[in-house]
Structure formats: C-alpha cells, structure tokens
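One structure is given here, and the rest of the page talks about it.
The values are calculated or read from the model by the stated rules, or taken from the named source; none is laboratory data. In this text, all values refer to a predicted model and were calculated from it rather than measured experimentally. For neighbour counting, all protein chains shown are included, and Cβ atoms are generated from backbone atoms with ideal geometry for every residue, glycine included.
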Amino acid sequence: MLLPKLDDQVTSPLLRLGVKGLLTYQQAPRELARAACQVDSGAYWVPRELLTRFVESILPELRGCKSLDSQVYISRREREVLDLLLDNLSNKEIASKLFVTERTVKFHVSNLLSKFGVQRRADLIVLRMQRTSAFPWLAPEVGKTVSARVN
C-alpha cells in the first residue's frame with residue numbers, strides 16, 4: 001500500500017486488516033519492486049520501528065489466545081514455545097520457563113517460523129492478531145462470550 005506518510009493512526013488499522021506492505025510515495029521509486037517481491041513471497045514489508053510499535057500495541061489483545069492457525073500442525077512443545085513467544089518473551093526467558101536450553105528454543109522458533117511461512121517472530125504475532133481479528137470466535141477473550149451467526 002502506498003501512502004503519503006506512515007503514521008500509526010493510519011497504518012495500525014491497515015495492518016489489522018492484513019496489509020503486508022507499506023511504503024510512502026517518496027520510497028516507492030526505489031523500494032517498490034523489492035517490496036512487491038517480498039510481499040509476493042509471503043513476507044512483510046513494513047518499517048521495523050513501525051512494526052515494533054504495532055506489535056507492542058496489540059500484545060495485550062493476544063493474551064490468552066491459544067491458536068494461531070488450525071491448518072498447521074505443531075507439536076506440544078512448539079505450542080508451548082509459541083504461547084510464550086506470543087507473550088513477547090526472549091529465547092532465554094522461554095528456555096528458563098520450559099527448563100530447556102536456549103538453543104532448543106531457537107530450534108523450535110525456527111520450526112515455527114518455517115511452518116507458518118514467516119521470517120520474524122513479530123510476523124507470528126501479527127499473524128495471530130490478524131487471525132483473532134478476522135475470526136474472533138476462534139479465540140474468545142476471558143470473560144466475554146462471542147457468538148457467530150450465519151444467515
């Protein structure tokens with residue numbers, strides 16, 4: 001998506017809707033071809049600082065969510081690592097909580113990135129947020145009842 005400028009008030013709702021690439025008009029002449037290739041391959045093209053702010057803003061919404069995508073098989077241990085990763089814990093913190101080595105956590109994180117077809121931990125968090133926003137009945141929040149009605 002091309003925009004006059006990238007500010008959080010405009011870009012956060014776009015990321016929530018599933019936009020995977022954000023560029024300013026000024027960046028387009030030099031970055032558009034690379035950005036299009038990245039987005040076409042399934043990656044995100046979002047400035048790191050913008051993505052970081054977005055991820056930090058949605059983390060409270062993700063607490064307690066249990067499923068990223070029911071179409072992808074992950075092991076019990078990968079599920080545990082993913083849940084802690086979605087809590088924004090570092091590999092070292094995850095290793096400590098699961099009583100495994102940091103190298104083991106890196107292995108599981110690498111597997112998760114591969115299985116979900118993303119390159120960064122932040123991409124997993126964004127995928128989770130998009131999945132929850134698109135299908136809220138799949139991950140109901142504590143204390144809320146969400147129903148889906150088909151006409």
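What to note about this one:
- Leu50 vs. criteria out of contact with any Cys (no Cβ under 9 Å at 6 or more places or on another chain), of a type in the set (A, V, I, L, M), at pLDDT 75 or above and outside any loop (DSSP other than H, G, I, E, B): yes
- Residue match in segment 118-134 (condition: at pLDDT 85 or above and of a type in the set (D, E, K, R)): no
- Matching residues, segment 1-27, being surrounded by 13 or more Cβ atoms within 10 Å (Cβ to Cβ) and in a helix (DSSP H, G or I): Val10, Thr11, Ser12, Leu14, Leu15, Arg16
- Listed by first and then second residue, the pairs linking a residue in segment 105-119 that is assigned by TED's automatic domain parsing to the domain that holds Leu84 and touching a residue at least 40 places away in the same chain (Cβ under 8 Å) to a residue that is surrounded by fewer than 17 Cβ atoms within 10 Å (Cβ to Cβ) and of a type in the set (Phe, Trp, Tyr), with Cβ atoms under 9 Å apart and 6 or more places separating them unless they lie on different chains, are Lys115/Tyr73.
- In segment 80-105, of all residues being at pLDDT 90 or above and assigned to a loop (DSSP other than H, G, I, E, B), the one that is surrounded by the fewest Cβ atoms within 10 Å (Cβ to Cβ) corresponds to Phe99.
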